[in-house]
1. Treating the range 91-150 as a set of equal point scatterers at the Cα positions, no solvent, please give the Debye-formula log₁₀ I(q)/I(0) at q = 0.22, 0.24, 0.26, 0.29 Å⁻¹.
2. Once amide H atoms are placed 1.01 Å from N in the peptide plane, what residues at a sequence separation of 5 or more from V125, or on another chain, have their amide H within under 5 Å of its amide H?
3. How much of the pair distance distribution for the range 13-85 lies past 15 Å, counting alpha-carbon pairs only, in percent?
4. If neighbour count is taken as other Cβ atoms inside 10 Å, put D123, D144 in order from fewest to most.
5. To the nearest 20 Debye, how big is the dipole of the chain about its Cα centre, given +1 on the beta carbon of each Lys and Arg and -1 on that of each Asp and Glu?
6. Pulled fully out, how much extra length does the chain show between S26 and S105, if you take 0.36 nm times their separation in residues and subtract their Cα-Cα distance?
7. Based on DSSP H runs of at least 4 residues, each adding -39500 (n - 2.57), what is the mean residue ellipticity at 222 nm of the chain after dividing by all its residues, to the nearest 500 deg cm²/dmol?
8. Can you work out ³J(HN,Hα) from phi for every residue in the range 89-99, in order, using Karplus 6.51 cos²θ - 1.76 cosθ + 1.60 and θ = phi - 60°, giving whole Hz and x for Gly and Pro?
Amino acid sequence: MPYSPLLPVHIAGGVMGILSGAAALSFRKGSRRHALAGKVFVASMLTMSTAAVYLAILKHQTPNIIAGTLAFYLVTTGWMTARRKDGQRSSLDWGVLLIPLLGGSWVFFGGLEKLFSPIPPIDGVPMGMHFFVGSVMLLAAGGDLRMMLGGLSGTKRLVRHLWRMCFGLFIATGSFFLGQQQVFPAVLRGSLLLVVLAILPLLFLIFWFFRVTFWKKRILEEI
């Protein structure tokens, strides 16, 4: 495939997304610096994921199409959750629900197909990754459905925002630190350091989930 001018846009968006995401996690939640870093993160991630999907379509890379779409969906819905008031929702959310519902079902059943297939996967994607990503998408669809049927407020709305933003950041860090190890010095390739940097957003996700759940009054006061 010839060189695409969208490739540097994709790379720049990914780098800015990782840096701004790390900054947003570091700043006090609800502060002006957190809000500014969050805006940069959203813009960067949407740019990165849009370019990723386009490039993946040109290269016929279905896994990257799924990853880019999932990142775009999670960051967008996470941002919308923060922007809305308690209990607020839109009829448009019913259409958005189809993204994780259909995508998650397709990815999950792809894992089942590989589970019962006698030959190794030809796309290079492990069977377990299908179940992991498919489960995340279906859980996200369940969250969308719960929001549409009952609305979200307080802690539940905050948790929805946090986990979607953190998982969106994880897609970026995982793609960079694990999927692009050729850009790092040889001594770092395959090292535990890159693995830790890749999964760090998931560790923050777990930390904030428990902090919001068990210290929700204090966190809500900060937000």
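1. Result of the Debye calculation: -0.78, -0.86, -0.95, -1.08.
2. For V125, whose amide H was placed from the backbone, there are no distant partners under 5 Å.
3. Of all Cα-Cα distances in the range 13-85, 56 percent exceed 15 Å.
4. If I rank by nearby Cβ atoms, fewest first, I get D123, D144.
5. On the way: 21 positive and 7 negative charges, 201 e Å.
Roughly 960 debye for the chain.
6. That pair, S26 and S105, stretches by 25.0 nm at full extension.
7. On the way: 9 runs with 168 residues, N = 223.
After summing the helix terms and dividing by the residues of the chain, the value is -25500 deg cm²/dmol.
8. For the range 89-99, the Karplus-derived couplings read 7, 9, 5, 4, 5, 5, x, 5, 4, 5, 4 Hz, x marking Gly and Pro.
FYI, it's all coordinate maths here, none of it is from the lab. Note that the coordinates shown come from a computational prediction; the quantities given were computed from them, not determined experimentally. Cβ coordinates were reconstructed from backbone atoms using ideal geometry, including for glycine residues, and neighbour counts include every protein chain displayed.
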